[in-house]
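Trainee: Submitted below is the structure of interest, expressed as structure tokens.
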């Protein structure tokens, strides 16, 4: 197990290097001139050229990339072209709101989605199954931005129960977490149902019932543990999706997180911030997948890594 984890960690290096190259090329191919955006619409060509020189954008592309990659290897992601603050400070100030929003969304989505999936599997082809899967399909199909605006209209504008924007109190988390977690809860419900349907037909489940074990205990003790193996994979992938996919939700609710920072940075062509955020999201996905693989062994001791 230790050798497996070390190999996966060493595999981070080439993966992140490839991501760094691709994102560097991508952001520099974006239309628009960051120097012109920063200088303002009234700036003349001389001022724009001076700003471009200050930002180092007047140098050849390979020189810019070499300077960028050497600084990244030293833990320096550069300075924001817009705020002139270190990129690490910009990301650090936005990381916790995104993390707490992701955790909040994940908790309710997993609990609600798994409950619907288990109920749908136990009462398969009956009304709990039909209602649960209808809700799941609706949650997957409904766009996040439309759901967010609908919830804001109902609970904030019409009823006045919840605040619309900001992240100052626990009430601010309700609408964004519901919006962000709706699709995840739907995916978890469908995946849990599929996994439980397979488990419920296994021989050990029939043996437990034949011994007189109650159906509730059969489902929770014997079924849940074995059905969780594929579900854990989906949970890990969905957690990574929430961390990296909160961009639309954060924009709708004006959430002070990494997603909104990325959108604002793309609008202003803030290259250092864009590159650092994409690298961070890539690292998160890789580490989450590694944690999921390690959890396999904890859930099912029969699994071993060589």
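The values are calculated or read from the model by the stated rules, or taken from the named source; none is laboratory data. Everything numeric here is computed off the predicted structure, so don't read it as measured data. Here the Cβ is made from the backbone with ideal geometry for all residues, glycine too, and neighbour counts use every protein chain on show.
Trainee: Collect the residues in the stretch 41-67 that are in a loop (DSSP other than H, G, I, E, B) and over 17 Å from residue 80 (Cβ atoms), keeping them in residue-number order. Step through it out loud before you land on a result.
Mentor: The initial filter retains those residues of the stretch 41-67 that are in a loop (DSSP other than H, G, I, E, B), namely 41-44, 56-60.
Correct list: 41, 42, 43, 44, 58, 59, 60.
Trainee: For the stretch 125-141, which positions are touching a helix residue (DSSP H, G or I) at 6+ places or on another chain (Cβ under 6 Å), in contact (Cβ under 8 Å) with a residue 12 or more places away in the chain and surrounded by fewer than 17 Cβ atoms within 10 Å (Cβ to Cβ)?
Mentor: Selection gives 140 alone.
Trainee: Also: Given the structure, is residue 280 under 27 Å from residue 114 (Cα atoms) and either touching a residue at least 40 places away in the same chain (Cβ under 8 Å) or surrounded by fewer than 18 Cβ atoms within 10 Å (Cβ to Cβ) (or both)?
Mentor: On the way: under 27 Å from residue 114 (Cα atoms): no; either touching a residue at least 40 places away in the same chain (Cβ under 8 Å) or surrounded by fewer than 18 Cβ atoms within 10 Å (Cβ to Cβ) (or both): yes.
Taking the combined requirement at face value, the residue does not satisfy it.
Trainee: Also, quick follow-up: Specify which of the listed residues (197, 231, 219, 187) is surrounded by 19 or more Cβ atoms within 10 Å (Cβ to Cβ) and either modelled with pLDDT of 80 or more or not assigned by TED's automatic domain parsing to the domain that holds residue 275 (or both). Full working, then the answer.
Mentor: On the way: 197 fails: surrounded by 19 or more Cβ atoms within 10 Å (Cβ to Cβ); 231 fails: either modelled with pLDDT of 80 or more or not assigned by TED's automatic domain parsing to the domain that holds residue 275 (or both); 219 fails: either modelled with pLDDT of 80 or more or not assigned by TED's automatic domain parsing to the domain that holds residue 275 (or both).
Selected residue: 187, the only one of 197, 231, 219, 187 that is surrounded by 19 or more Cβ atoms within 10 Å (Cβ to Cβ) and either modelled with pLDDT of 80 or more or not assigned by TED's automatic domain parsing to the domain that holds residue 275 (or both).
Trainee: Report yes if residue 268 is more than 16 Å from residue 98 (Cβ to Cβ), surrounded by 19 or more Cβ atoms within 10 Å (Cβ to Cβ) and touching a helix residue (DSSP H, G or I) at 6+ places or on another chain (Cβ under 9 Å), otherwise no. Steps first, please.
Mentor: Details: more than 16 Å from residue 98 (Cβ to Cβ): yes; surrounded by 19 or more Cβ atoms within 10 Å (Cβ to Cβ): no; touching a helix residue (DSSP H, G or I) at 6+ places or on another chain (Cβ under 9 Å): yes.
No: the conditions fail for residue 268.
Trainee: How many of the residues in the stretch 243-266 are within 26 Å of residue 117 (Cα to Cα) and not in a helix (DSSP H, G or I)?
Mentor: So the count comes out to 2.
Trainee: For the stretch 27-46, check the following and say yes or no: at least one residue is free of Cβ contacts under 8 Å to residues at least 12 places away in the same chain, surrounded by 15 or more Cβ atoms within 10 Å (Cβ to Cβ), over 20 Å from residue 78 (Cβ atoms) and not assigned by TED's automatic domain parsing to the domain that holds residue 280.
Mentor: Here is the first cut: in the stretch 27-46, the residues free of Cβ contacts under 8 Å to residues at least 12 places away in the same chain are 29, 31, 40-46.
Then keep just the ones that are surrounded by 15 or more Cβ atoms within 10 Å (Cβ to Cβ); that gives 43.
When the remaining residues are screened for being over 20 Å from residue 78 (Cβ atoms), the result is 43.
Remaining after also requiring not assigned by TED's automatic domain parsing to the domain that holds residue 280: 43.
Among the residues of the stretch 27-46, at least one is free of Cβ contacts under 8 Å to residues at least 12 places away in the same chain, surrounded by 15 or more Cβ atoms within 10 Å (Cβ to Cβ), over 20 Å from residue 78 (Cβ atoms) and not assigned by TED's automatic domain parsing to the domain that holds residue 280, which makes the answer yes.
Trainee: Still on this structure, I have one more. Could you figure out which of (1) modelled with pLDDT under 80; (2) within 30 Å of residue 185 (Cβ to Cβ) isn't true of residue 98?
Mentor: With (1) modelled with pLDDT under 80; (2) within 30 Å of residue 185 (Cβ to Cβ) applied to residue 98, the lone miss is (1).
Trainee: Can you tell me which residues in the stretch 116-135 are assigned to a helix (DSSP H, G or I) and under 15 Å from residue 194 (Cβ atoms)?
Mentor: Narrowing the stretch 116-135 to residues assigned to a helix (DSSP H, G or I): 116-122, 127-135.
Residues satisfying the conditions are 116, 117, 118, 119, 120, 121, 122, 129, 132, 133.
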